[in-house]
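> My questions will all concern the structure given below.
Every number here is computed from the coordinates shown, using simple stated rules; none is lab data. Predicted model only: the values in this text are computed from it and were never measured. Ideal geometry is used to build each Cβ from the backbone, glycine not excepted, and the neighbour counts take in all protein chains shown.
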Amino acid sequence: MTTTDTPTTEPVDVLIVDDHLMFRAGVRASLDERVRVVGEAADVDAAVEAAHALRPAVVLLDVHLPGGLGGGGAEVARRCADLAPGTRFLALSVSDAAEDVVAVIRAGARGYVTKAITGPELSGAAQRVAAGDAVFSPRLAGFVLDAFGTGMGDVAIADDELDRLSAREQEVMRLIARGYTYREVASKLFISVKTVETHVSAVLRKLQLSSRHELTRWAAARRIL
Amino acid sequence: MTSPPGPPPAPSPAATSGAGSATVDRARPPLLRPEAGRRVGGVCAGVAAHVGIPVRTVRLAMILAGLSGVGIVLYVFWWITIPVGDPHVAAEESRPAELQRLARRLRSERRTFPVRDVLAGAILLAAAGVLVGERLGWHLDAGWALPVLVLLAGLALAWSQLDAAQRGRMLSQAGGRTPGSVLRLGGGLLLVLVGVLLLVGRTSSTADMARAWVAAVAVLAGAALVLAPWWLRLARALGDERAARAREAERADIAAHLHDSVLQTLALIRASADDADQVARLARAQERELREWLYTDRAVSGTSLAADVRELVGQVEDAHGVPVEVVVVGDCVPDDGTSALLRAAREALLNAVRHGAPPVSLYLEVSDRAVEVFVRDRGDGFDLDDVPHDRFGVRESIVGRVQRRGGRAVVESGSGWGTEVHLEMPRAPQAGSNGPAARAPEQHDANEETTA
C-alpha cells in the first residue's frame, strides 16, 4: 500500500476503536503527524457514543469487538450510519477471514487493512479514507475476486450491474491482489491513478450493495441480511 | 397423476459455485426448511437443497402430488417435522470442531419482535371474544363453521412453536422458553378451550351431565394435542444441548492445545531474547499458526491447494525470516500439475526472499481454466539473459519445471520496480490421463530438489 504524497493540509481526526489497550497505545504511537488521535473506545457502545460525540473524520475500527449485540465492528459502522459522510470507517483487523472483513465493508467501512500495517502506511490509509477514497489491501482485493468470480462469465457488460465486476475492475483487483500499489496499477494499465481510485471505489460500492449469491451467503451465516 | 412425491436423487450441482470453496466435494446439506426463498412453508426449497435438484422441479412434483391429496398430507407432515434453518449454513457449521475456526462469529445485532405471531394471536383472540359474545346475547348465525375455525386456529398457533424452537435456540435461551412460546401455548390453549366448549354446548345451553362429560374429555384431548409439540420440542432441545456440550468439550481440547503451542513459543522467545531476528521469526511463525487456528476453517489435508500454498509460504517465512503476503483466490484439489507449479513457485519465492527486497507477495488464482501464481518482490530486478547458463535456479527449476508440464512461466523484471514471476498451469481435464508415463518427470524433479 502506498502512502500518497498529497500535500498535507490539516491532520485528519481519528478515533481508535479496539478492545486491547496495548494495541490502541501501539497504534497511537505509530501514527505520524498526518493524523491526530481524538479519542479511543474499547467496545461497541462506547465506540458509537464516542463517534457521535467527537465526530472524527476517520474511525479506525477493529472487526472483533465486545459489547453491543455481538455484531462487532460491523455493528458500530451500522449504528453510526447517520454520521456519513463526515465520518468514515477504516476496518483494521487481525482476522483474515473473508466473512468478518466483508461484514464490516458491507456495513459501510471504506476500506480494510491488516494490523500488521506499518504506522506511516496506516496514516496514509486514514488520510485516503478521509478524502473519500477506498483503501484496498491485497487481501481484500483477493476476497472481492473470490466473491465476484474471476471467470470469463463473471464479467459485467453494463456499468450499472451490481453483481459482477467489469473487465477493467477485475483487472485492477487482480493487480492489487498481486501486491501492486495504486500507482503501479495505473502505469501497468496506462491509466491515471485517479482512474484507478475510481475503479476501486466502484468495486467497493458493488461489494456493499450487491446481492450476489456468495456475498449473501457470508452475510446469511451471520444473519445480517 | 400420482407422481412420486419424493424427488429422485441426483448428483448435487449446488456445490459447484464458481469461485471460492468450489471444487472440493461437500457432503449434502441437511434437510432443513430455509426461511429465505420459501413460498409456503419452505418444504420444497429444503428438499431441493437437500437432494440437490432445482426447486422448481420439486415444487412441480409437489403440486402434482397435491392434486391427488397425498401431496398435501405429505407437505403438512414435512412442514411439522422438518426443522427450520438454512441448509447451506448448517452444512458449513457442521464441520468437525477441530477444523473450525475458534474465534466467535459475528452475530446479527437485529432483535426480532414476533409482529406476525402477535397479530395473528390478537385477531384469533378477538374472534374468540366475538363468539363468546354471540353465545351470551347477540346472534351471528355461523353455526358450526366458526367454532371449528377457532379450534383449528388454536391448534395451528400451538403447533407453530415447533418452528420457533430453532429460533429460540439461536436467541440462546436455555430450553427455549421465550415469552413468545409461552404466549403461543397459552393463546392456543385458550382458543381450543373456547372452540371445544362452543362446539359441545352448541345445541342446548343448559348442558346435562353426559354433555359435560363429553366436553371435559374433549378439552383434555385438545390440551394433550396442544401440549404434544411442547414435549417434542423439549426432547429435541435436550438432544441439541447434549451435542453442544460434546462440542464444547472438543473446543476445550483445542484451546488447551493452543495454549501449549503459544506457551512453548513464548518460552523460546524468552530464551533467545537477545537475538532479534530469531525473536521476530518465532513471533511471526506463532502469529501465523494462531491466526490459522482462530480465524479460518481448516481444510482436510491433501484436498486444498490453497492450504498447501499457505503452508509452503510459512516454511519459506520461517527459514528466511522475511514476511510474505499471500492472497489466494479459489481453490482446487492438488494434482501432479499443481504440485509441479508449487515447487516452481517455491523456487521463485526463495529467489525473492534471498535476492529481492520486501515486501514480497504471492498471489494464487485458481480458475476453471488454469492455476496461476504470481510472485513479486521489490528488489533491483535482474535480466534473465545475464544469468550464466550454468546457474540452474531460474531457468531450470522455475521455467523448465512448469514448461515440462505444459505450463507457462514468464519473468518480468526491472530496476526500481522489482521482479515478478508469473507461472501458469492449465488445469487438467479430470479424466485419468495421468498414467505412469506422466509420473516419470516427477522422479526427475525429486532428484533435482537435492542437487539444486
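> Note down the net charge around A:Asp19, summing +1 for each Lys or Arg and -1 for each Asp or Glu among other residues with Cβ under 11 Å from its Cβ. Mind showing how you got there, number by number?
Working: positive: A:Arg24; negative: A:Asp18, A:Glu40, A:Asp43, A:Asp62.
Value of the local net charge: -3.
> Could you list A:Lys188, A:Lys206 in order of exposure, starting from the residue whose Cβ has the fewest other Cβ atoms within 10 Å?
Numbers: A:Lys188 15, A:Lys206 22.
Final ranking by Cβ density, sparse to dense: A:Lys188, A:Lys206.
> If R0 is 56 Å, what FRET efficiency do you get for A:Glu33 and B:Leu67 from their C-beta distance, rounded to 0.05? Could the numbers behind the result be given before it?
Working: r = 77 Å, r/R0 = 1.37.
Rounded to the nearest 0.05, the efficiency is 0.15.
> Work out how much length B:Asp335 to B:Ala370 would gain on full extension: take 0.36 nm times their residue separation and subtract the Cα-Cα distance, in nm to one decimal. Display every interim value, and only then the final one.
Details: separation 35, 0.36 × 35 = 12.60 nm, distance 1.25 nm.
Taking B:Asp335 through B:Ala370 to full extension adds about 11.3 nm, to one decimal.
> How would you rank B:Leu362, B:Leu227, going from fewest to most other Cβ atoms within 10 Å of each one's own Cβ? Before the final figure, lay out the partial values.
Details: B:Leu362 28, B:Leu227 14.
The order, fewest Cβ neighbours first, is B:Leu227, B:Leu362.
> Please list, ordered by chain and number, the residues whose modelled amide H lies under 5 Å from the amide H of A:Gly111; skip anything fewer than 5 residues away on the same chain.
Amide H neighbours of A:Gly111, under 5 Å, 5+ apart: A:Ala91, A:Val135.
> In terms of modelled amide H atoms, which long-range or inter-chain residues lie less than 5 Å from the amide H of B:Ser367?
B:Glu372
> For B:Arg236 and B:Val130 in the same chain, what is the full-extension length gain: residue separation times 0.36 nm, less their Cα-Cα distance, in nm?
Values: separation 106, 0.36 × 106 = 38.16 nm, distance 3.73 nm.
That pair, B:Arg236 and B:Val130, stretches by 34.4 nm at full extension.
> Right, something else. Taking the number of other C-beta atoms within 10 Å as the exposure measure, put B:His88, B:His355 in order starting with the fewest. Present the calculation step by step, with values, prior to reporting the outcome.
Details: B:His88 21, B:His355 14.
With the sparsest Cβ surroundings first, the list reads B:His355, B:His88.
> Assign unit charges at the C-beta atoms only (+1 for Lys and Arg, -1 for Asp and Glu), then state the dipole size of the stretch A:12-134 relative to its Cα centre in Debye, rounded to the nearest 20.
Numbers: 12 positive and 17 negative charges, 71 e Å.
Dipole about the Cα centre, nearest 20: 340 debye.
> Might you report the magnitude of the Cβ-based charge dipole of the stretch A:42-85 about its Cα centre, with Lys and Arg at +1 and Asp and Glu at -1, to the nearest 20 debye?
Working: 3 positive and 6 negative charges, 30 e Å.
The calculation lands at about 140 debye.
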